[in-house]
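The values are calculated or read from the model by the stated rules, or taken from the named source; none is laboratory data. The shown structure was predicted, so the numbers you read here are calculated from the model rather than taken from an experiment. Cβ coordinates were reconstructed from backbone atoms using ideal geometry, including for glycine residues, and neighbour counts include every protein chain displayed. When the accessible area is computed, the model is the full protein with side chains, heavy atoms only, and any ligands, DNA or RNA have been set aside. Shrake-Rupley method; radii C 1.70, N 1.55, O 1.52, S 1.80 Å.
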Amino acid sequence: MNDRSLGILLMFLTVIFWGISFVSTKIILEFIPPITIGFIRVVIAAVILIFFIRNFTKYSKEDFVYIVLAGFLGITSYYLFENVALKYTTATNASLIAATVPIFYLMVSDMVEKKIPSKIKYFGSLIGLFGVFILILNGKFVLELNPLGDILMFGAVCTWVLYTFVIQKLQKHDDLKVTRDITLIGAVFFIPFTIIELGYNGMFEFTILLNPYIAFSLLYLAIFCSAIAYLFWNMAIRLAGASTTTNGVYIIPIVAMITDAIILKNIPNIYAIIGAVLVLFGVYISENGGKLKINL
């Protein structure tokens, strides 16, 4: 297996982990506040990574700045937005909006690299964004309309796009050590937000952590979706490239929608299905724009 194939395999495993994670988080939100969930998840992941990876890297000042930025953007900020968003929207909605990451990555990448944009790629982007618009207005799989959660997920999308650019700056370092260090930094940044949340909402019942479903869900999020997934994702970016790896996000809504329907019984309505099809069709066109012979 060559490097690119290995990178794509790691990407596939990661997006499957993350697709299920939306539902796992949704389950835990019934008992633990969203920011606290993120903090517990990241702390467990950091402890596991520190236990297995004990050699520390001496970074240059510039690289240390990138480590701090990656930890804040890819760990703290992303989970702040995602976990709070999941209080107000469904797991499927959140994952579908997360699927717009490749669209925004394309736009920002073209601007940063001053590329001449491909018309067909941006046509696909517009289709995807229109699908998200439908999803936000009508995609809630309950009767109430509350777009707050969907809007918050855009914050997660933006932070993940920025994280992707930052993590590319650290490719010369060992993936294991980088993953451990950004997870540790992310856990530190989580502390003040968690204190504020617990001070506002009050402490949750710690005995809930003894519930096997909650304990399993937290361990799944920490081990598979944080410790292992971030390692796999960072390796995939190095082996297969940022653009190809980012496109793996397309698969997340499919995994999340299936898991959401099976476990939480959130069966998609017609508006959500239309929005989902447009999002996925749009990002597919955007990714394959160079191969499509269409005159616009």
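Numbers at a glance
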item: Residue match in segment 104-125 (condition: under 17 Å from Lys169 (Cβ atoms), modelled with pLDDT under 85 and aromatic (Phe, Trp, Tyr)); result: yes
item: Neighbours by Cβ (under 7 Å, 6+ apart or cross-chain): first from segment 198-217, touching a residue at least 24 places away in the same chain (Cβ under 8 Å); second in a helix (DSSP H, G or I) and not hydrophobic (A, V, I, L, M, F, W, C); result: Leu198/Thr36; Phe204/Thr36; Ser217/Ser24
item: Elements of type helices (runs of 4 or more DSSP H) in segment 162-249, at least 3 residues being of a type outside the set (A, V, I, L, M) and open to solvent by 20 Å² or more (accessible area, probe 1.4 Å); result: 175-201, 212-219
item: Failed condition for Tyr250, given (1) within 20 Å of the chain's Cα centre (by Cα); (2) at pLDDT 80 or above; (3) not acidic (Asp, Glu); result: (2)
item: Residues of segment 186-216 satisfying the condition of being among the polar types (S, T, N, Q) and modelled with pLDDT of 90 or more; result: Thr194
item: Tally of residues being among the small types (Gly, Ala, Ser) and closer than 9 Å to Met153 by Cα across segment 75-94; result: 2
item: Evaluation of Arg41 against (1) open to solvent by 20 Å² or more (accessible area, probe 1.4 Å); (2) charged (D, E, K, R); (3) over 22 Å from Tyr250 (Cβ atoms) (one fails), failing number; result: (1)
item: Some residue of segment 83-101 being at pLDDT 90 or above and open to solvent by 50 Å² or more (accessible area, probe 1.4 Å); result: no
item: Members of segment 256-270 that are β-branched (Val, Ile, Thr) and open to solvent by 30 Å² or more (accessible area, probe 1.4 Å); result: Ile258, Ile262, Ile263, Ile267, Ile270
item: Single condition Met111 does not satisfy, out of (1) free of Cβ contacts under 8 Å to residues at least 40 places away in the same chain; (2) within 10 Å of the chain's Cα centre (by Cα); result: (2)
